[in-house]
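The numbers here are math on the coordinates, done by the rules we state, and not lab data. The structure presented is a predicted model; accordingly, all values stated were derived computationally and were not measured. Every residue, glycine among them, receives a Cβ derived from its backbone with ideal geometry; neighbour counts consider all protein chains shown.
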């Protein structure tokens, strides 16, 4: 079974270590210092320098089509033999959007609302970044279904940072409990 773990930056190394993940996606502001976990090869680490915004804001980097194309290409090249960790600063918005996007891209036969409901179940704080979801919806030709699915689960609970969680993929997927 393929697993995507989501966590905040503060739990990145711990999550990679505890899950034996070999692939990492970082979605974070370009000025935030982030080191690649030592156990992750450079070719298995994607760093996407974007701000956690959904519309233009002076001094910040708004996600663009090129960022999404890069994310989708990286996720689709994942061999799925070992878990993937996706993180942002707080583990609430960019990373939860990217996990939802990855699930939809990797398993197009699963309805978008099923992944959104699963996301809400494993993470009460998940508030997927609407800009990222909209870009993916367009590039994956989902005709607004990804956007509608995320809107349907609503905003997550307020928090400083989210708790790490797992989003299982595959036919036998089951909802995983939170990890430490």
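Quick one: how many residues across segment 44-67 are surrounded by fewer than 16 Cβ atoms within 10 Å (Cβ to Cβ) and more than 17 Å from residue 130 (Cβ to Cβ)? Number of matching residues: 5. Summed over segment 120-153, the residues that are assigned to a loop (DSSP other than H, G, I, E, B) and touching a residue at least 24 places away in the same chain (Cβ under 8 Å) give a count of 9. Of the residues in segment 67-90, how many are assigned to a loop (DSSP other than H, G, I, E, B) and in contact with a helix residue (DSSP H, G or I) (Cβ under 7 Å, 6 or more places away or on another chain)? Residues that pass the stated criteria total 2. Count of segment 121-143 residues, restricted to those that are more than 17 Å from residue 87 (Cα to Cα) and either in contact with a helix residue (DSSP H, G or I) (Cβ under 6 Å, 6 or more places away or on another chain) or buried (at least 17 other Cβ atoms within 10 Å of the Cβ) (or both), is 7.
Any residue in segment 100-109 that is within 21 Å of residue 166 (Cβ to Cβ) and part of a strand (DSSP E or B)? Scanning segment 100-109 turns up no residue that is within 21 Å of residue 166 (Cβ to Cβ) and part of a strand (DSSP E or B). Scanning segment 68-78 turns up one or more residues that are over 15 Å from residue 132 (Cα atoms), in contact (Cβ under 8 Å) with a residue 24 or more places away in the chain, over 13 Å from the mean Cα position of the chain (by Cα) and crowded, with 17+ Cβ neighbours inside 10 Å.
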